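Novice: Provided herewith is a single structure, encoded as structure tokens, for subsequent inquiry.
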Amino acid sequence: MRYAILSDVHGNLEALQAVLADTRNRDVDQIIFLGDAVGYGASPSECLKLLQREVPILLAGNHDHAAAGLTPVDRFNPIARISLEWTRKRLSERDTDLLAELPLCHVEGELYFVHASPERPADWKYVRTMDDIQAALEAIPHRFCFVGHTHIAMAASQDVEGWLDPIHHRSVRFEEEKRYFFNVGSVGQPRDGNERACYLIFDGEAKTATFRRVSYDLERSQEKILENNLPSYLAERLVEAK
Ligand code: ZN
């Protein structure tokens, strides 16, 4: 099976469209979305619709839960809070119901998918350091772990003795007996210094995983943020990618 694994769209329709178009050329059997469909960007409802139509497996992120009223927005920083309050007004009742019903994690054989750390998915803990990755892998028995949430693409392998090795290449071929951790990066608001939309292709047969970076109409996304009087920092951030 070849999977396209996406995360953190954050209401950026132009980035989502570009990524979905890119997956069509890559012979993908399954698409999985790891959460945060909404928040920050100017097209929350449109992104949800497109995700629902094109992506069979959708998981919940912390912004999705906040937009659906399951988590208080005062847990977020001021800019996220403003955008979440704006987002709530833009969502239909159907959108809100859909967001509230999204599952926190998904398992397919030896693959485990979740938005934040698998330790306690509803706590939305960030996986940033090697120690965090260690804890994440200890929390589950699966060989492969896929997360989002930090908006920073990252990968590591773990040998049989538990030693972790960061993976710095864009592509990796799996070694027998090793376990793997992937942060698939962000489609709609990358923060790893590369402004192009990010996602991961995982190929179970070829035993490889490859990060993809996709250019999109970033100026249009920025215009929509400004036209809707969302904080201008959210438009700048798309270019700064941090
Ligand atoms: Zn996010």
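Novice: For the chain, what is the relative contact order in percent, using Cα pairs closer than 8 Å and at least 6 residues apart in sequence?
Specialist: 23 percent
Novice: Looking at this model, which pairs from Lys49/Lys224; Lys125/Lys224; Lys49/Lys242; Lys89/Lys125 are more than 20 angstrom apart at the alpha-carbon?
Specialist: Lys125/Lys224; Lys49/Lys242; Lys89/Lys125
Novice: Taking the number of other C-beta atoms within 10 Å as the exposure measure, put Tyr112, Tyr126 in order starting with the fewest.
Specialist: Ordered by Cβ neighbours within 10 Å, fewest first: Tyr126, Tyr112.
Novice: Something else now. From the P(r) of the stretch 69-165, can you give the percent of Cα pairs sitting at distances over 17 Å?
Specialist: Above the 17 Å cut-off, the stretch 69-165 has 60 percent of its Cα pairs.
Novice: OK, next. What are the semi-axes of the equivalent ellipsoid for the stretch 32-112, taken as the square roots of 5 times the Cα gyration tensor eigenvalues, largest first, in whole Å?
Specialist: Working from the Cα gyration tensor, I get semi-axes of 22, 14, 10 Å.
Novice: Can you give the helix-only mean residue ellipticity at 222 nm for the chain, where every DSSP H stretch with n ≥ 4 adds -39500 (n - 2.57) and the sum goes over all residues, rounded to the nearest 500 deg cm²/dmol?
Specialist: Rounded to the nearest 500, it is -9500 deg cm²/dmol.
Novice: Oh, and also: Which whole-number percent is the relative contact order of the stretch 99-183 (Cα, under 8 Å, 6+ apart)?
Specialist: 27 percent
Novice: Just for the chain, what percent of DSSP beta bridges are antiparallel, to the closest 5?
Specialist: 65 percent
Novice: Take peptides 144-154, 193-203, 49-59 and line them up by average Cβ neighbours within 10 Å, highest first, as a rough protection proxy.
Specialist: 144-154, 193-203, 49-59
Novice: List Met1, Met130 from most exposed to least, where exposure is judged by having the fewest other Cβ atoms within 10 Å.
Specialist: Met1, Met130
Novice: Let me ask another. Just how far, in whole angstrom, is the stretch 185-237 from the stretch 139-174 if you go by their alpha carbon centroids?
Specialist: Taking the Cα centre of the stretch 185-237 as reference, the centre of the stretch 139-174 is 21 Å away.
Novice: Regarding the chain, what's the average projected area of the Cα-atom convex hull, expressed in nm²?
Specialist: 11.7 nm²
Since every read-out is calculated from the coordinates, none of them should be taken as a lab result. Please read all numbers here as calculations on a predicted model, not as lab measurements. As a convention, Cβ positions derive from the backbone with ideal geometry for all residues, glycine included, and neighbour counts pool all protein chains shown.
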